[in-house]
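Q: Supplied in structure tokens, the structure appears directly below.
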Amino acid sequence: MVAWTLQPLGDAYAQGRGKISLIRDAEIEALLRQYAAPIYKAAGLRRGALDILIVNDQQFNAFVSGRTLFINTGALLEAETPNEIIGVIAHEVGHIKGGHQQRLEDQLRSAKVIAGFATLLGAGVIAAGAISGNRQVSGAGSGIILGGPSIAVRGLLSYQRGEESAADRAALKYLSKSGQSARGLLTTFSRFAESLSLQGGRINPYMQSHPMPRDRIEALKVAVRKSKFADRKDKPSLQVRHDLARAKIAAYLGGRRYLNSLIRDKNFSPLAKRYGEAIGLHLFGSPRAAIPKINALIKSRPRNAYFWEMKGEILLRSGKPAAAVKPFQRAVKLDGGRSGFLRVQLGHALLRSKGKNNVKAAIVQLRQGLAKDPSLIVGHRYLAQAYQKSGNTPLALLASAEEKFWSGNIKNAKNFANRAQQKLKRGSPGWLRAQDIITFKK
């Protein structure tokens with residue numbers, strides 16, 4: 001397993017957004033939770049009120065679905081400061097607090113009604129024109145039919161622009177209440193404006209779902225000037241962690257050339273440069289050469305859980321699972337057990353190591369990791385393998401059912417759950433979980 005595991009997004013989340021995939025990374029997810037914590041507090045939400053997941057997409061974007069906030073890798077890679085991402089999170093929390101998702105569904109239903117009504121009205125006018133022999137009336141009816149969807153779309157986009165503006169205002173409020181600058185938001189919308197200008201041509205502001213960037217920029221400039229926190233900078237320690245995350249994203253997704261250009265940036269943290277170099281050697285060069293690099297990082301920051309995690313990852317990927325166990329154990333301990341993903345990585349290293357006791361220990365770690373985060377698809381896969389190695393076929397089948405379930409492959413999940421249930425004691429926890437999967441409806 002790589003330090004990043006790429007997993008498909010189940011149908012429950014992906015509806016309406018096409019096929020997207022997630023990046024699961026303990027280090028970056030922990031950083032995003034830290035970014036979000038003061039925004040949640042300012043918005044009156046409990047800590048961890050929203051799940052935050054990373055989307056494998058190079059566009060600068062973020063969105064909310066249900067109680068989950070999705071942030072693209074492109075946004076994390078392009079944002080040079082934590083404040084830029086914090087501003088994006090504040091904006092999306094504004095959507096959540098404003099109840100915009102539910103109202104948007106209502107607006108979509110209204111748009112369909114408007115479009116349908118216009119079509120019926122146009123058909124009636126055409127019929128009236130045909131009866132009277134008036135071609136102009138019939139032509140007007142055709143225009144109404146063609147214009148019906150356009151009327152509905154314009155109304156819907158106008159509504160969305162209003163909600164986006166409301167989310168901007170909420171974001172400004174949360175940033176101010178948490179003592180943070182709004183300059184990150186300003187930088188983000190300036191980037192959007194530049195992107196639009198490169199597209200060329202004229203843009204109809206009434207056919208955009210977001211307020212035109214120049215309007216948002218002007219509004220933000222005024223808000224920033226008025227804020228007493230306008231010039232407040234991110235804490236240096238947080239900036240370093242942000243740079244470490246960007247180095248990791250650049251290495252895994254940007255490739256060697258992009259990573260090298262980022263490392264050459266004079267404003268980039270020296271620690272993050274060394275981190276990027278170590279990961280780059282691991283991915284593109286020699287794991288043997290990467291180990292001294294990561295050891296030097298550990299020596300400089302011995303309590304950084306993710307440096308230990310990376311060491312375990314390098315050893316695991318280079319065919320030394322037994323040697324990877326201790327670094328992963330150290331990472332879990334330093335993390336305080338908060339990340340289910342780190343335990344899954346430890347479980348994988350134990351599973352790959354020889355010995356019956358290691359398989360039993362792997363099952364313990366995998367179960368604990370999945371109890372913390374049941375959406376970790378790869379964890380269910382490894383758990384199925386571990387149960388199979390231990391001779392527990394019923395629970396191996398149930399773990400496979402969980403893997404398919406969280407992947408969104410409900411049909412296969414039900415098949416595995418049926419097979420598992422036939423071998424499990426009726427009424428046992430495993431039997432009941434299999435029943436939940438069998439009776440699940442999208």
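The numbers here are math on the coordinates, done by the rules we state, and not lab data. Treat the numbers as computed from the prediction; the structure is a model and nothing was measured. Don't worry about glycine lacking a Cβ; one is built from the backbone with ideal geometry, like all the others, and counts go over all protein chains shown.
Q: Using DSSP to call loops (not H, G, I, E or B), can you name the trypsin sites (Lys or Arg not before Pro) in region 253-304 whose Cβ has at most 14 other Cβ atoms within 10 angstrom?
A: Sparse-neighbourhood loop trypsin sites (Lys or Arg not before Pro): Arg264, Lys266, Arg303.
Q: Spelling out what I want: for every residue of region 427-440, take phi, set θ = phi - 60°, compute 6.51 cos²θ - 1.76 cosθ + 1.60 (Karplus), and round to whole Hz; glycine and proline get x.
A: x, 6, x, x, 4, 5, 5, 4, 5, 4, 5, 4, 8, 5
Q: Roughly speaking, what is the centre-to-centre gap between region 51-85 and region 317-369 when only Cα atoms are used, to the nearest Å?
A: Cα centroid to Cα centroid, the span is 28 Å.
Q: How big is region 283-355 by Rg and Dmax over its Cα atoms, in Å?
A: Considering region 283-355 through its Cα atoms, Rg and Dmax are 11.7, 34 Å.
Q: Local charge sum around Ser237 (other residues, Cβ-Cβ under 14 Å, Lys/Arg +1, Asp/Glu -1)?
A: Here the charged neighbours net out to +3.
Q: I would also like to ask the following. Would you grab the residues whose amide H sits under 5 Å from the one on Ser227? Only those 5+ places off in sequence or on another chain, please, with H modelled 1.01 Å from N.
A: Correct list: empty.
Q: Same structure, new question: For Ile52, which sequence-distant residues (separation of 5 or more, or a different chain) have an amide H within less than 5 Å of its own amide H, given hydrogens modelled in the peptide plane?
A: The list, which skips near neighbours in sequence, is Leu69.
Q: Taking the Cβ of each residue in Leu397, Leu53 as the centre, tally the other Cβ atoms inside 10 Å and list the residues starting with the fewest.
A: Fewest to most other Cβ atoms nearby, the residues stand as Leu53, Leu397.
Q: Moving on to the next point. Test of the criteria: in region 390-440, which trypsin sites (Lys or Arg not before Pro) are in a DSSP loop and have at most 10 other Cβ atoms within 10 angstrom of their Cβ?
A: Sites meeting the loop and neighbour criteria: Lys425, Arg426.
Q: Ok, one more. With respect to the cross-link table entries Lys293/Lys356; Lys356/Lys423; Lys248/Lys389; Lys41/Lys228; Lys173/Lys233; Lys372/Lys442, which display a Cα-Cα separation exceeding 29 Å?
A: Working: Lys293/Lys356 33 Å; Lys356/Lys423 23 Å; Lys248/Lys389 34 Å; Lys41/Lys228 20 Å; Lys173/Lys233 18 Å; Lys372/Lys442 24 Å.
Listed pairs above 29 Å: Lys293/Lys356; Lys248/Lys389.
Q: If you don't mind, another one. Report, largest value first, the span of the C-alpha coordinates of region 390-442 along each principal axis, in whole Å.
A: Cα spread of region 390-442 along its principal axes, largest to smallest: 29, 22, 14 Å.
Q: Fewest first, what order do Ile54, Ile89, Ile298 take by the number of other Cβ atoms within 10 Å?
A: Ile298, Ile54, Ile89
Q: Work through the residues other than Val93 whose Cβ is under 14 Å from its Cβ and net out their charges, Lys, Arg +1 and Asp, Glu -1.
A: Once positives and negatives cancel, what remains is +4.
Q: Right, next: Between Ser428 and Arg169, what is the FRET efficiency for a Förster distance of 51 Å, r being their Cβ-Cβ separation, to the nearest 0.05?
A: That pair, Ser428 with Arg169, gives E of 0.45.
Q: Below 9 angstrom from the Cβ of Arg47, what's the summed charge of the other residues (Lys, Arg +1; Asp, Glu -1)?
A: +3
Q: Sort Glu277, Glu309 so that the residue with the fewest other Cβ atoms within 10 Å of its own Cβ comes first and the one with the most comes last.
A: Glu277, Glu309
Q: A further question on this structure: Given a Förster distance of 60 angstrom, what is the FRET efficiency for Ala289 paired with Lys226, based on the Cβ-Cβ distance and rounded to 0.05?
A: 0.70
Q: In addition: Which residues' amide hydrogens lie under 5 Å from the amide hydrogen of Asp265, considering only partners 5 or more residues apart or on another chain, with H built in the peptide plane?
A: none
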